[in-house]
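J.: Dropping the structure in here first, questions after.
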Amino acid sequence: MTDTLAAPPPKTKSQALRSYDVADFPALTGLEEEWRFTPLKRLRGLTGDLVGGSAPAIGYHALPAGITVSILDKGDPRIGSVLTPFDRISALAYGRASQASLISVDAETVLAEPAVLRVVGEDKLAFGHTFLEVGRFAEATIVLEQTGSVTLADNVEVALADGAKLTLVTVADWAADAVQAQHIRFRLGRDARVTHIQVTLGGDLVRQFTSVDYTGRGGEAELYGLYFADAGQHLEHRQLVDHSVPDCRSYVGYRGALQGEGAHTVWVGDVLIQVQATGTDTYEINRNLVLTDGARADSVPNLEIETGEVAGAGHASATGRFDDEQLFYLMARGIPEAEARKLVVRGFFAELINKIPVEELRERLGASIEERLVKAGA
């Protein structure tokens with residue numbers, strides 16, 4: 001067991017403690033840098049040492065040829081090969097999940113259409129583990145939707161073999177009382193490419209951590225996020241893109257809107273370029289639109305560079321209210337103020353919604369955002 005109390009603090013994110021055993025992580029106090037924004041009391045005990053709980057099942061109506069969904073025994077060597085937990089809740093989920101859902105795309109397969117998978121919460125404690133593997137030179141679009149009421153800690157491992165291409169859309173549209181703490185980790189082979197579109201709308205508290213690891217040259221990761229917090233909701237997104245091999249690329253672009261008393265969003269983007277990762281090209285940006293008084297958005301971009309030989313590296317963050325000039329422009333053309341505000345919000349999210357390669361989902365998300373605006377009287 002690792003003596004975490006005696007160990008010196010890590011110099012970089014890549015040196016942080018990693019362990020499959022929850023006992024190796026000290027109890028959380030809320031004073032830790034990684035947890036200072038998270039209201040621990042609202043996690044319903046997920047920071048403790050809970051027992052029980054069952055894994056939520058992945059459902060689907062039909063799948064295109066070349067992709068399968070099955071169950072993995074916890075002893076399968078793939079489990080834990082991509083993701084080693086580096087926080088207490090992720091380790092708890094790893095230890096408590098009795099089995100894992102396997103989503104597998106055959107090598108050299110090009111899926112003819114998106115595969116849509118669904119997880120429905122059952123109003124109880126749950127610990128989940130999902131392993132998604134995409135074979136060499138395969139191309140796939142996969143949508144994973146999460147709905148219902150649940151208290152869930154889950155890990156998602158995504159392994160892309162050399163030359164594989166994956167578009168993964170994850171939608172957290174939980175019931176209003178749901179709680180989720182999730183860790184998604186991508187491992188990219190040589191010349192592999194992933195586009196991840198993370199949509200977070202529902203839930204009382206949702207904390208999602210996404211990390212990326214490269215194992216060969218030419219890997220590309222594009223991480224996009226869309227979130228909308230209503231009164232009382234806490235939506236937190238964190239990323240760690242670890243550039244550890246040369247000539248890889250990453251782009252992170254998250255946008256959020258929030259309205260209502262106590263609405264709180266958190267975005268923390270960490271990009272690490274290690275000394276051996278020459279030729280790296282990376283950029284991250286977060287934009288937040290505060291629609292009402294009483295809402296709060298925290299945005300923290302971090303860029304850590306250990307080599308001077310990079311192709312490009314940058315980060316940006318912006319948080320603000322409606323652009324008065326945009327509103328004036330629309331209202332001057334006869335559009336009522338309430339409708340003008342809706343148009344501004346639609347335009348704010350349009351770029352990210354249009355990246356979702358499923359028309360029905362794009363329309364549904366657009367309608368959901370509009371319903372929130374109507375409910376708040378925007």
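J.: I'd like to check one number: the per residue accessible area of the stretch 262-309, probe 1.4 Å, reported in Å² as a whole number.
T.: Accessible area per residue, the stretch 262-309: 37 Å².
J.: Figure the gain on full extension for Tyr251 and Glu363 (residue separation times 0.36 nm, minus the Cα-Cα span) and round it to one decimal in nm.
T.: Result: 37.8 nm gained on full extension.
J.: Taking only protein heavy atoms into account and a 1.4 Å probe, give the accessible area per residue of the stretch 200-258 in Å².
T.: 17
J.: From largest accessible area down, sort Val171, Val374, Val116; use a 1.4 Å probe on the protein chains.
T.: Val374, Val116, Val171
J.: Just to confirm a number: summing +1 for Lys and Arg and -1 for Asp and Glu over residues other than Tyr254 whose beta-carbon lies under 15 angstrom from that of Tyr254, what do you get?
T.: -1
J.: For the stretch 184-233 and the stretch 73-102, write down the distance between their C-alpha centroids in whole Å.
T.: That distance is 18 Å.
J.: A further question on this structure: If you roll a 1.4 Å probe over the stretch 160-308 with all protein chains in place, what percent of the accessible area is carbon or sulfur?
T.: It is 43 percent, rounded to a whole number.
J.: Can you work out the accessible area per residue across the stretch 135-185, with the rest of the protein chains kept in place, probe 1.4 Å, in square angstrom?
T.: With the other protein chains kept in place, the stretch 135-185 gives 23 Å² per residue.
J.: Do you know the relative contact order of the chain, to the nearest whole percent, from alpha carbon pairs under 8 angstrom that are 6+ apart?
T.: Relative contact order for the chain comes out at 10 percent.
J.: Turning to a different aspect of this structure: What does the charge add up to near Ala97, with Lys and Arg as +1, Asp and Glu as -1, over the other residues with Cβ less than 10 Å from its Cβ?
T.: Overall, the nearby charge balance is +1.
J.: Another one. Dipole of the stretch 224-276 (Lys/Arg Cβ +1, Asp/Glu Cβ -1, origin at the Cα centre): which of Gly262, Tyr227, Val252 lies farthest to the positive side?
T.: Going by the Cα projections, it comes out as Val252.
J.: Counting DSSP beta bridges with both partners in the chain, what percentage is antiparallel, nearest 5?
T.: Among the beta bridges of the chain, antiparallel pairing accounts for roughly 5 percent.
J.: Springs between alpha-carbon atoms under 10 Å, Gaussian network over the chain: tell me which of Leu31, Leu152, Leu327 tops the mean-square fluctuations.
T.: Fluctuation is largest for Leu31.
J.: Show log10 I(q)/I(0) for the stretch 76-192 at q = 0.11, 0.13, 0.14, 0.23 Å⁻¹, two decimals, from a solvent-free Debye sum over equal Cα scatterers.
T.: -0.37, -0.52, -0.60, -1.30
J.: Any of Lys74/Lys355; Lys74/Lys124; Lys41/Lys165; Lys74/Lys165 with alpha carbons more than 29 Å apart? Name them for me.
T.: Violating the 29 Å limit, Cα to Cα: Lys74/Lys355; Lys41/Lys165.
J.: For the stretch 38-127, with all protein chains present and a 1.4 Å probe, just round the carbon and sulfur fraction of the accessible area to a whole percent.
T.: The value for the stretch 38-127 is 51 percent carbon and sulfur by accessible area.
J.: So, one more: At a probe radius of 1.4 Å, what is the per-residue accessible area of His315, in Å² to the nearest 10?
T.: Looks like 80 Å² after rounding.
J.: Using helices alone, what [θ] at 222 nm do you get for the chain, with -39,500 (n - 2.57) per DSSP H run of 4 or more residues, divided over all residues and rounded to the nearest 500?
T.: -4500 deg cm²/dmol
The values are calculated or read from the model by the stated rules, or taken from the named source; none is laboratory data. Values in this document were obtained by computation on a predicted structure and should not be read as measured data. Cβ: placed from backbone, ideal geometry, glycine included. Neighbour counts: every protein chain shown. To get the accessible areas, we keep the full protein, side chains included, count just its heavy atoms, and leave off ligands, DNA and RNA. Shrake-Rupley method; radii C 1.70, N 1.55, O 1.52, S 1.80 Å.
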